[in-house]
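Q: Here it is, the structure in full.
The values are calculated or read from the model by the stated rules, or taken from the named source; none is laboratory data. Being a predicted model, the structure only gives us computed values, none of them experimental. Cβ placement follows ideal geometry from the backbone for every residue including glycine, while neighbour counts extend to all protein chains displayed. Ligands, DNA and RNA are excluded from the accessible area calculation, which covers all protein heavy atoms including side chains. Shrake-Rupley method; radii C 1.70, N 1.55, O 1.52, S 1.80 Å.
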Amino acid sequence: MLLSKIICALLLCSQIFTISSANNVDGHRNVTLRTTAERYLQITKGSSFKIAIFADLHFGEDAWTLWGPQQDIKSVKVMSTILDNEHPDFVVYLGDVITANNIPIKNASLYWNQALSPTRARNTPWASVFGNHDDASFEWPLEWFSATGIPPVNCSANFFGEACRFKGTPRSELMKNEIEHNAFSYSRSGPNYLWPSISNYVLQISSSSDSKVPVAFMYFFDSGGGSYPEILSTAQAEWFRVKSQQINPDARVPEIIFWHIPSKAYTKVAPKFKGHKPCVGSMFMETVASQESEMGLMKLLRRRSSVKYS
């Protein structure tokens, strides 16, 4: 695997990397779309498999201001430019696709769909995981409160006249909407017994010569936040242990791990701000906002030689 490019702009961070095997070298893009229940993606003969990652898009941020919608438009342009220049075979939306606590409409999927639109318009397959801002209660801006202390009953015309409400669109509804309305979405809701339970799943990238032969496995985890604590739970770690032993028992096939909130381990290895450059993608010299607690997953990943990227 080659990590080839990192690009950050506005509230958006993107990353491009390619996966290749001995039987696959650079060539033309061609991806088989959702041909089996296992939802594998197959590398074309003589081709590599390029993945683009879009993280922290934050569509709907400050939705009631001029600045917020302008950032969404600019983010669409940035993503479109990357997709047109890089021609990835697959896109991963790595959480905080929207800022749900800033979205004062009944269905935040409208903003979610806007964020997906550049990828969908190019018929590029994608998958998504949730971040800590994707489902959260709407936070009323102080400027909306009148002298009586009561905010307006309805939002402005910019929000389609729907009533403002405290409860945001839950993860389950966001994922359901994405899966049901997008043929190119490979996202999954995940096993019901996991907690956080929504975006936990695995996808297989298959050999060009045989769809049953894996070249790599991509694991997606819901790292919580919003309506959940910011954790990767013991149940999720156990799910990974069992699943990885089931589909990759000898750890021969590379495994790529995706989740949104950095692990506590990252706070130890990330560059410090005093006298050093900030961590990759930082715009505001922020410290690493890691998970609340580690519950075993990082220990499992460190012990697996097959884990090539996380």
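Q: When you go through (1) within 19 Å of the chain's Cα centre (by Cα); (2) farther than 24 Å from Ser211 by Cα; (3) open to solvent by 10 Å² or more (accessible area, probe 1.4 Å) one by one for Phe54, which number turns out not to apply?
A: Only one criterion in (1) within 19 Å of the chain's Cα centre (by Cα); (2) farther than 24 Å from Ser211 by Cα; (3) open to solvent by 10 Å² or more (accessible area, probe 1.4 Å) is unmet by Phe54, namely (3).
Q: Counting only residues that are open to solvent by 10 Å² or more (accessible area, probe 1.4 Å), part of a loop (DSSP other than H, G, I, E, B) and touching a residue at least 40 places away in the same chain (Cβ under 8 Å), which one in segment 193-206 is nearest to Ile257 (Cα to Cα)? So that I can check it myself, show each step before the final result.
A: Taking segment 193-206 first, the residues open to solvent by 10 Å² or more (accessible area, probe 1.4 Å) are 193, 195, 197-198, 202, 204.
Narrowing the set further to residues that are part of a loop (DSSP other than H, G, I, E, B) leaves 193, 195, 197-198.
Going one step further and asking which of them are touching a residue at least 40 places away in the same chain (Cβ under 8 Å), we end up with 193, 195, 198.
Working: Tyr193: 20, Trp195: 18, Ile198: 16 Å.
Filtering segment 193-206 for residues that are open to solvent by 10 Å² or more (accessible area, probe 1.4 Å), part of a loop (DSSP other than H, G, I, E, B) and touching a residue at least 40 places away in the same chain (Cβ under 8 Å), the one nearest to Ile257 (Cα to Cα) comes out as Ile198.
Q: Still on this structure: Would you confirm whether or not segment 261-268 contains a residue that is open to solvent by 20 Å² or more (accessible area, probe 1.4 Å), β-branched (Val, Ile, Thr), modelled with pLDDT under 95 and assigned to a loop (DSSP other than H, G, I, E, B)?
A: No; the residues of segment 261-268 include none that is open to solvent by 20 Å² or more (accessible area, probe 1.4 Å), β-branched (Val, Ile, Thr), modelled with pLDDT under 95 and assigned to a loop (DSSP other than H, G, I, E, B).
Q: Please go through segment 47-82 and pick out each residue that is part of a loop (DSSP other than H, G, I, E, B) and more than 18 Å from Ser137 (Cβ to Cβ). It would help to see each step written out before you state the result.
A: Of the residues in segment 47-82, the ones part of a loop (DSSP other than H, G, I, E, B) are 47-48, 56-58, 60-66.
Hits for segment 47-82 are Ser47, Ser48, Asp56, Leu57, Thr65, Leu66.
Q: If you don't mind, another one. Could you grab me the full set of residues in segment 168-181 that are surrounded by fewer than 22 Cβ atoms within 10 Å (Cβ to Cβ) and touching a helix residue (DSSP H, G or I) at 6+ places or on another chain (Cβ under 6 Å)?
A: Asn177
Q: Across segment 129-156, which residue is modelled with the lowest pLDDT among those that are in contact with a strand residue (DSSP E or B) (Cβ under 8 Å, 6 or more places away or on another chain) and open to solvent by 50 Å² or more (accessible area, probe 1.4 Å)?
A: Among residues in segment 129-156 that are in contact with a strand residue (DSSP E or B) (Cβ under 8 Å, 6 or more places away or on another chain) and open to solvent by 50 Å² or more (accessible area, probe 1.4 Å), the one modelled with the lowest pLDDT is Asn154.
Q: Give just the number: which of (1) at pLDDT 95 or above; (2) part of a loop (DSSP other than H, G, I, E, B) does Ala183 not satisfy?
A: (1)
Q: Can I ask one more? Of all residues in segment 119-149, how many are part of a loop (DSSP other than H, G, I, E, B), free of Cβ contacts under 8 Å to residues at least 12 places away in the same chain and not aliphatic (A, V, I, L, M)?
A: Looking only at that region, the number is 4.
Q: Moving on to the next point. Do you know which of the residues in segment 225-246 that are part of a helix (DSSP H, G or I) and open to solvent by less than 50 Å² (accessible area, probe 1.4 Å) is farthest from Ser206 (Cα to Cα)?
A: Out of the qualifying residues, it is Ala235.
Q: What are the pairs, 6+ residues apart or on separate chains, where a residue within segment 226-243 that is under 17 Å from Gln291 (Cβ atoms) and in contact (Cβ under 8 Å) with a residue 12 or more places away in the chain has its Cβ under 7 Å from a residue that is buried (at least 21 other Cβ atoms within 10 Å of the Cβ) and basic (Lys, Arg)?
A: Correct list of pairs: Ser227/Arg171.
Q: I'd like to verify a number: residues in segment 111-128 that are under 13 Å from Leu57 (Cβ atoms) and either surrounded by fewer than 21 Cβ atoms within 10 Å (Cβ to Cβ) or in contact with a strand residue (DSSP E or B) (Cβ under 8 Å, 6 or more places away or on another chain) (or both), how many?
A: Going through segment 111-128 one residue at a time, the tally reaches 10.
Q: So, in segment 83-110, of the ones that are in a helix (DSSP H, G or I) and open to solvent by less than 10 Å² (accessible area, probe 1.4 Å), which residue ends up farthest from Gln42 (Cα to Cα)?
A: Ala100
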